[in-house]
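Input: a single structure, listed below in structure tokens.
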Amino acid sequence: MGILEVKNVSKRFGGLQALGDVNLSVAENTVHAIIGPNGAGKSTLLNCLIGKLIPDTGSVMFDGNSVLGRKPYEINQMGISRVFQTPEIFADLTVFENVMIPCFATRDGAFRMHALESVANEPDIVEQAETMLADVNMLDKRNVHAGSLSRGDKRRLEMAMCLSQQPKLLLLDEPTAGMARADTNNTIDLLKEIKDKRDITMCIIEHDMHVVFSLAERITVLAQGTPLVEETPENIKGHPKVREAYLGEAQV
Amino acid sequence: MLGLNRKDAMLLMVVVLLTLFAPFLLNPFPEGSSLAQFNAGYPDLMQRFVIFGIFAIGFNILFGLTGYLSFGHAAFLGAGSYAGVWMMKLLTMNVIPAIIVSVVVAGLFSLLIGFISLRRSGIYFSILTLAFAQMSFALAYSVLTPITGGETGLQLSLNDPRILGVSSTGDGSIPVTNLFGLEMRDSFEWEVGAWLFTFNAGYYVCAAVMLVAFYVAIRIFRSPFGMMLRAVKSNQQRMNYTGLNPKPYTLAAFVISGMYAGLAGGLMVSMDPLAGAERMFWTASGEVVLMTILGGAGTLIGPVLGAGLIKYMENIVSKINSTILHEWFAFMPDGIEDLLVTLVYPFIGKGWHLTLGIMFMLVVIFLPGGLVEGGQRIGRLFRRRDRKGTGVEAPAAEQRRKTPAE
Ligand SMILES: Nc1ncnc2c1ncn2[C@@H]1O[C@H](COP(=O)(O)OP(=O)(O)OP(=O)(O)O)[C@@H](O)[C@H]1O
Ligand SMILES: [Mg+2]
């Protein structure tokens, strides 16, 4: 039994079958990559995991509990954090505040009326946020408005926000898209480091094969809403079905 | 100090000093001089400055932090006013119970309206709050007459029970509002040369309440809760996917701002025990929106400045008439005098709304951060010119320049 069990999930948008009968099992403390051509349904699958979309059929179990029917914030509180394909950050707030908010969310839950306390009087949260920013090399930008960051920095910030929650399962939707090569390598190192330091399961969608092969222990190939193969990285290279998926139906 | 950082403590100190010395600051012109009409240091107007300041400070907690634009906050001010008058009718003329009950009633009322209105956001939220407020106004005006006094408004009478006080005083008149015996209308007048300064008990009670309200607002702004409210404004999706439920945060902000409105209503009737339905009218709700935006939504001091400016214009600029204008321009040749008077006339007296409208447009277009942004820009120019201004002095100096009306 994996920490994440997706069974027979399908999702239809009007006439488009975005997901058709997807089965996926992600083992605890592994990095599982999902690859596939544009429009394969990768992001849609993640949306079904975090409560952004409700699948038409099937079940999604996380850590032994069903996530279906739960609100997004409840699912996050279960231990799932997600980095989005287009950065979702608090653009009007400073970088530092962006990282403090998830720290508060993890410590205090979905709502707490801490109206007369002072942010400055929260040494634990401040320290946690500072450490996290240092980990992504953004401590020098702590007072910058998050909205004015470059795309790559926004992604790194979002990753810091998610990591600061110490999630059991981290979902990463193209985390290095829009990043310079050096930053991509830093990101790979960061994720590896986090992985070594504590128990965490990661599910990563990525087009950059360098990232995929540096991190992934299992790889699922998704095409037109259905998983084609699930394999180890060694066995995936040159797999005929993978080529087929990437080169398209024209070949068949 | 008081759990505030240095900058906020400085700001609070400046506001404390300004409110304390307002009777001097607002009366800079000698009595009887032609400029005396610009003096705003009389009790009635000074009370209004701080009471509407409270209303705007509270409104800003909702609008400035979460971005939810309520067009119905006057309903809570009205509800607070009615509740306050009822306390004076039933219990005592001491203002404390009246103020407390005003806040509680407005809080409960805003919980109900907020709970329903916050099911929608953006323009739909605004329209829902507007609809509720207009409904409250209409009800207060008609069906609820037994509670609200309908068209005439809710007044004290000689037959009121006033369990803890007296129904009527020895000489057969209605007792006056007081704070443990200190009458709100009590004033001490001080003549210094040609100047006349009035120190009014009611004003100082209102000012003390306003300072507490302002202090609480600073604490809320600097709290994790305040940060969450800004997160609501910035990205509710991200909040949801970060394990935070934006709804109770927004509702809490709505209720807090409703309680501030109730507090303002309670103080209003503590100064003048009379409540009418027109306090709930939509223009009253719109006014607090103007105050907040004009001063600077989302800033600490902005709403107070906006409230002061609008109340100043409403009470002072509106009183200037063409005779006064002719006096001013009398030194000019007749033709030019008439021309100037004709040009200026539409903007003063009853035309003060026009001036306000133009100012509002200019601020929204050129200073989206309101008067506070204007002050900051001037401050920055100033600092660039003489690089002596240190980090703490400069903002304080800025505040000083920005607070003429308060
Ligand atoms: N909310 C939606 N409504 C309608 N159609 C949608 C919606 N979300 C996704 N789709 C469609 O579903 C299909 C799968 O989209 P999805 O975003 O999951 O692809 P993807 O694998 O993440 O692609 P990419 O690599 O480009 O990000 C696409 O054809 C897309 O247009
Ligand atoms: Mg995608």
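Values quoted throughout were computed directly from the atomic coordinates according to the rules given, and no laboratory measurement underlies them. Because the structure is a prediction, the values reported are computed rather than measured. Cβ atoms come from the backbone with ideal geometry, glycine included; neighbour counts cover every protein chain shown.
Using θ = phi - 60° and the Karplus relation 6.51 cos²θ - 1.76 cosθ + 1.60, list the HN-Hα couplings for segment A:77-86 in order, rounded to whole Hz, with x at every Gly or Pro.
Couplings: 5, 6, x, 10, 10, 9, 9, 8, 5, 9 Hz.
Take the alpha carbon atoms of segment B:168-224, find their center, do the same for segment B:90-108, and report the distance between the two centers in whole angstrom.
That distance is 16 Å.
Given the C-alpha centroids of segment A:104-163 and segment A:34-54, what is the distance between them in whole angstrom?
Here the answer is 27 Å between Cα centres.
Can you tell me the dipole magnitude for chain B around its Cα centre, using point charges on the Cβ only (Lys, Arg +1; Asp, Glu -1), in Debye to the nearest 20?
Result for chain B is approximately 2200 debye, rounded to the nearest 20.
Across peptide A:85-96, what mean number of C-beta atoms from other chains lies inside 10 Å of a residue's C-beta?
3
Give me Rg/Rg_expected for chain A, where Rg uses Cα atoms only and Rg_expected = 2.2 N^0.38 Å with N residues.
1.03
For n ≥ 4 DSSP H runs only, could you compute -39500 (n - 2.57) per run for chain B, divide by its residues and tell me the 222 nm figure to the nearest 500?
Computed ellipticity for chain B at 222 nm equals -20000 deg cm²/dmol.
Per-residue mean of other chain beta-carbon atoms within 10 angstrom of the beta-carbon, peptide B:229-240?
Neighbouring Cβ atoms belonging to other protein chains average 6 per residue here.
Quote the convex hull volume per residue of segment B:295-339, based on C-alpha atoms, as a whole number of Å³.
In segment B:295-339, the Cα convex hull volume per residue is 89 Å³.
Semi-axes of the equivalent ellipsoid for the protein assembly as shown, please: Cα gyration tensor eigenvalues, times 5, square-rooted, ordered largest first, whole Å.
Over the Cα atoms of the protein assembly as shown, the ellipsoid semi-axes are 59, 28, 23 Å.
Under 5 Å between amide H atoms, partner at least 5 residues away or on a different chain: which partners does A:Leu222 have, H built in plane at 1.01 Å?
The answer is A:Ile35, A:Gly36, A:Leu228.
Where is the GNM fluctuation largest for chain B (alpha-carbon springs, 10 angstrom cutoff): B:Ser110, B:Ser34, B:Ser257?
Result: B:Ser34 has the largest fluctuation of those listed.
Full-extension gain between B:Phe366 and B:Arg119, please, as 0.36 nm times their residue separation minus the C-alpha to C-alpha distance.
Here the segment from B:Phe366 to B:Arg119 would lengthen by 85.6 nm.
Report the per residue volume, in Å³, of the convex hull enclosing the C-alpha atoms of segment A:107-252.
157 Å³
What is the local net charge at A:Ile34, summed over the other residues whose Cβ is closer than 12 Å to its Cβ (Lys, Arg +1; Asp, Glu -1)?
Residues near A:Ile34 contribute -2 overall.
Could you compute the net charge surrounding A:Lys192? Neighbours are other residues with a C-beta less than 13 Å from the C-beta of A:Lys192; K and R count +1, D and E count -1.
-2
With the radius of gyration and the Kirkwood radius both derived from the Cα set of segment B:6-315, what is their ratio Rg to Rh?
That ratio is 0.99, to two decimals.
Which percent of the Cα-Cα distances in segment B:322-362 go past 14 Å?
Above the 14 Å cut-off, segment B:322-362 has 49 percent of its Cα pairs.
Near B:Leu4, within a Cβ-to-Cβ distance under 10 Å, what is the net charge of the other residues, with Lys and Arg +1 and Asp and Glu -1?
Combined, the nearby Lys, Arg, Asp and Glu give +3.
Along segment B:152-161, what does the Karplus equation 6.51 cos²θ - 1.76 cosθ + 1.60 (θ = phi - 60°) give for ³J(HN,Hα), rounded to whole Hz, x for Gly and Pro?
Coupling constants for segment B:152-161: 6, x, 8, 10, 7, 9, 6, 8, 4, x Hz.
Relative contact order (percent) for chain A, with alpha-carbon contacts under 8 angstrom and 6 or more residues of separation?
27 percent
Please tell me which of these pairs span more than 22 angstrom C-alpha to C-alpha: A:Lys7/A:Lys71; B:Lys311/B:Lys350; A:Lys154/A:Lys237; A:Lys11/A:Lys52; A:Lys7/A:Lys42; A:Lys7/A:Lys52?
A:Lys154/A:Lys237
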